[in-house]
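Taking it in order: structure first as structure tokens, then the write-up.
The values are calculated or read from the model by the stated rules, or taken from the named source; none is laboratory data. The shown structure was predicted, so the numbers you read here are calculated from the model rather than taken from an experiment. Positions of Cβ are generated from backbone atoms using ideal geometry, with glycine treated the same way; all protein chains shown enter the neighbour counts.
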Amino acid sequence: MSSLFYPSDLTNAQWKRIESMLPKAKPGGRPRTTDLRGSVNAIMYMIRSGCPWRMLPRDFPPWGTVHYYYRRWRRGGVWKRIYDRLREEVRRQAGRQATPASGARIGEGPKKSRDREAGARGQG
């Protein structure tokens, strides 16, 4: 883990919340040597600062390792699962249902507007 503290670093409480949601090392092969908390902190730093991968400070794991985990977790849906679980937690704390019971479908508003415009012009 980074010896310095960056404002984007996870607190111990935040880390405890997401640590169990990260994939475990695959069985067999070499044991994992990468510090996942350091990698997550590096990803958070990159997202918050907007710096390119190759410009991550040297007290994080190597940029290639960090990028590998970011891509792997993005493609595997890990970030979405973390986001969904944290969102549900926040909703429960606010006294709401974990997931909304109903909601507007994305894209319906503009489509209806286009349909009305097309009808007004005698199209469609």
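Counting the residues of the range 23-59 that are of a type outside the set (K, R), out of contact with any Gly (no Cβ under 9 Å at 6 or more places or on another chain) and surrounded by fewer than 16 Cβ atoms within 10 Å (Cβ to Cβ) gives 15.
Scanning the range 54-89 for residues that are touching a helix residue (DSSP H, G or I) at 6+ places or on another chain (Cβ under 7 Å) and closer than 14 Å to D35 by Cα yields F60, P61, W63, T65, V66, H67, Y69, Y70. Scanning the range 1-56 for residues that are within 15 Å of W79 (Cα to Cα) and touching a His at 6+ places or on another chain (Cβ under 6 Å) yields a total of 0.
In this structure, P62 does not satisfy being exposed (fewer than 10 other Cβ atoms within 10 Å of the Cβ) and free of Cβ contacts under 8 Å to residues at least 40 places away in the same chain.
Taken together, the residues in the range 4-21 that are touching a residue at least 12 places away in the same chain (Cβ under 8 Å) and either among the aliphatic types (A, V, I, L, M) or not in a loop (DSSP other than H, G, I, E, B) (or both) amount to 7. With a requirement of 1 or more residues that are within 26 Å of T11 (Cβ to Cβ) and at pLDDT 95 or above, the helices (runs of 4 or more DSSP H) lying completely within the range 36-123 that satisfy it span 36-49, 63-75, 78-93. Applying a threshold of 7 Å to beta carbon distances and a minimum spacing of six or more residues, or different chains, the list of pairs starting in the range 22-40 at a residue that is in contact (Cβ under 8 Å) with a residue 40 or more places away in the chain and ending at one that is not in a loop (DSSP other than H, G, I, E, B) reads L22/L36; L22/V78; P23/V78.
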